[in-house]
Ligand code: PLP
């Protein structure tokens, strides 16, 4: 039984990420005690299927012994090594090389971070450095998408377009611009894929012109599938069209694969599926499957060489104490080995089952839209299917859906816009996926 004192200690001392502080104090923490595979056990001893892989990061599943062993071995051998002063460690170098072999095109250079936010933050620094290095310091404006999420660093939160990350923080900065999302279910141009793609390309061109033309714009950021905005899947060909538009406009295309990387949508990287090579790419989450913190920025040979040549003998002044941490890198290597030894394949099979299962909910009176790819999906709830009227985020059903699912033994993500998100561990069996769908149906029935 969870001791009351833990709840009190949490209330008194622990600040939680993206929470209503007063609301959390009232509700109290729900402590997780242990986890194996796709199942977590809470403080009361209830076992739940984790339909969200923690925070869409535990792609491998929980408690894999060989990952624990890899971390323990590395801690005993060399618990820390800086990358400063041209020092390094074997696992970090090997992980960089293994990843470079697998990233799309010539994204051959990697800078390791501690997670996704500082990966995005690092790209902003690298992009600015790159544009200056090629003699174009006036290219200093950034564009990203409405409904996009690019982390919670001060700069990344400004690229993010979710209101909670701006309110009270004085964001976004005036050099951070947005264009509409492709959001197929609610796109003013309708849901015809070609029309949506054409609209996005036109909106990018229009925004660039509004800012002062290509000579003012440094980069455009997009997630291959918008995650925190409600799992918004662009039409096939959207990423390619936007990538080409960026090339034509001479602005860098930054793909934020923090969620989509490492098998979440099927392939190792979603950009590969789209047949595109971004100029820079961010990853985190699945890189170490959430066992230890790590993220990364990949850059093409051209971007790397431009920065390197621009700096000459001077230091490129960007670095963290924990960049390329050897324990995280050792975990990353083992996680990658396991992905390729069968976990990715299992995820593809279970992902097909997940999408079929969720599609079977489409005729539920509360379900307006079912969307996703692989093990990344959302069901958008509405109060009027024909009019697509969103379930108000502040309504009782929307607020309670997470708790109802929990009581039914399922962890889901409840988005503010009435959508519920799914991102199960890629190790989930077909039976576990079926149980997740069944528990979702029960939760929706109770919500009616
Ligand atoms: N970028 C995307 C697309 C994300 O989904 C996230 C986190 O969910 C981030 C960046 C930030 O990553 P982190 O929470 O590891 O800082």
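The values are calculated or read from the model by the stated rules, or taken from the named source; none is laboratory data. Quick caveat: nothing in here was measured; it's all calculated off a predicted structure. Cβ coordinates were reconstructed from backbone atoms using ideal geometry, including for glycine residues, and neighbour counts include every protein chain displayed.
Okay, residues lined up against (1) under 13 Å from the mean Cα position of the chain (by Cα); (2) over 30 Å from residue 68 (Cβ atoms):
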{"residue": "228", "(1), (2)": "yes, no"}
{"residue": "232", "(1), (2)": "yes, yes"}
{"residue": "249", "(1), (2)": "no, yes"}
{"residue": "262", "(1), (2)": "yes, no"}
{"residue": "277", "(1), (2)": "no, yes"}
{"residue": "308", "(1), (2)": "no, yes"}
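The set of residues in the range 240-268 that are within 24 Å of residue 118 (Cβ to Cβ), more than 13 Å from the ligand (Cβ to nearest atom) and touching a strand residue (DSSP E or B) at 6+ places or on another chain (Cβ under 8 Å) comprises 246, 251, 252, 253. For the residues 36, 22, the requirement of being exposed (fewer than 15 other Cβ atoms within 10 Å of the Cβ), at pLDDT 95 or above and touching a strand residue (DSSP E or B) at 6+ places or on another chain (Cβ under 8 Å) singles out 36. Do you know which residues across the range 269-310 are assigned to a loop (DSSP other than H, G, I, E, B) and either touching a strand residue (DSSP E or B) at 6+ places or on another chain (Cβ under 6 Å) or away from the ligand (no atom under 16 Å from the Cβ) (or both)? Passing the criteria: 275, 276, 277, 278, 279, 284, 300.
Does any residue of the range 141-150 turn out to be assigned by TED's automatic domain parsing to the domain that holds residue 314, touching a helix residue (DSSP H, G or I) at 6+ places or on another chain (Cβ under 7 Å) and surrounded by fewer than 16 Cβ atoms within 10 Å (Cβ to Cβ)? Looking for residues that are assigned by TED's automatic domain parsing to the domain that holds residue 314, touching a helix residue (DSSP H, G or I) at 6+ places or on another chain (Cβ under 7 Å) and surrounded by fewer than 16 Cβ atoms within 10 Å (Cβ to Cβ), one finds none in the range 141-150, hence no. Checked against (1) in a loop (DSSP other than H, G, I, E, B); (2) within 16 Å of the ligand (Cβ to nearest atom), residue 174 passes all but condition (2).
If I filter the range 109-120 for residues that are surrounded by fewer than 16 Cβ atoms within 10 Å (Cβ to Cβ), more than 16 Å from the ligand (Cβ to nearest atom) and at pLDDT 95 or above, do I get at least one hit? No, the conditions are met nowhere in the range 109-120. Checked against the criterion of being in contact with a helix residue (DSSP H, G or I) (Cβ under 9 Å, 6 or more places away or on another chain), in a strand (DSSP E or B) and touching a residue at least 40 places away in the same chain (Cβ under 8 Å), the candidates 420, 433, 401 yield just one match: 420. Going residue by residue through the range 345-368, is there one that turns out to be touching a residue at least 12 places away in the same chain (Cβ under 8 Å), in contact with a helix residue (DSSP H, G or I) (Cβ under 8 Å, 6 or more places away or on another chain) and assigned to a strand (DSSP E or B)? So far as the range 345-368 goes, yes, one or more of its residues are touching a residue at least 12 places away in the same chain (Cβ under 8 Å), in contact with a helix residue (DSSP H, G or I) (Cβ under 8 Å, 6 or more places away or on another chain) and assigned to a strand (DSSP E or B).
The lone criterion from (1) under 24 Å from the mean Cα position of the chain (by Cα); (2) away from the ligand (no atom under 16 Å from the Cβ); (3) at pLDDT 95 or above left unmet by residue 56 is number (2). Scan the range 121-141 for residues that are more than 15 Å from the ligand (Cβ to nearest atom) and touching a strand residue (DSSP E or B) at 6+ places or on another chain (Cβ under 9 Å) and the total you get is 9. Check whether at least one residue in the range 94-106 is surrounded by 14 or more Cβ atoms within 10 Å (Cβ to Cβ), under 15 Å from residue 294 (Cα atoms) and in contact with a strand residue (DSSP E or B) (Cβ under 7 Å, 6 or more places away or on another chain), and report yes or no. Yes, some residue in the range 94-106 is surrounded by 14 or more Cβ atoms within 10 Å (Cβ to Cβ), under 15 Å from residue 294 (Cα atoms) and in contact with a strand residue (DSSP E or B) (Cβ under 7 Å, 6 or more places away or on another chain). Looking only at residues in the range 155-171 that are outside any loop (DSSP other than H, G, I, E, B) and touching a strand residue (DSSP E or B) at 6+ places or on another chain (Cβ under 7 Å), the one that is nearest to the ligand (Cβ to nearest atom) is 159.
Here 9, 14, 2 are screened, and the one residue that is modelled with pLDDT under 95 and farther than 30 Å from residue 342 by Cα is 2.
Within the range 50-65, does at least one residue satisfy the condition of being crowded, with 19+ Cβ neighbours inside 10 Å and farther than 30 Å from residue 420 by Cα? Looking through the range 50-65, none of the residues is crowded, with 19+ Cβ neighbours inside 10 Å and farther than 30 Å from residue 420 by Cα. The set of residues from the range 215-236 being within 14 Å of the ligand (Cβ to nearest atom) and in a strand (DSSP E or B) comprises 221, 222, 226, 232. For the range 195-211, the condition holds for no residue, the condition being that it is under 20 Å from residue 418 (Cβ atoms) and without any contact (Cβ under 8 Å) to a residue 12 or more places away in the chain.
Among the residues of the range 316-329, is any assigned to a helix (DSSP H, G or I), in contact with a helix residue (DSSP H, G or I) (Cβ under 6 Å, 6 or more places away or on another chain), more than 30 Å from residue 244 (Cβ to Cβ) and within 16 Å of the ligand (Cβ to nearest atom)? No, because not a single residue in the range 316-329 is assigned to a helix (DSSP H, G or I), in contact with a helix residue (DSSP H, G or I) (Cβ under 6 Å, 6 or more places away or on another chain), more than 30 Å from residue 244 (Cβ to Cβ) and within 16 Å of the ligand (Cβ to nearest atom). The residue that is farthest from the ligand (Cβ to nearest atom), among those in the range 21-42 that are assigned to a loop (DSSP other than H, G, I, E, B) and either closer than 20 Å to residue 400 by Cα or without any contact (Cβ under 8 Å) to a residue 12 or more places away in the chain (or both), is 28.
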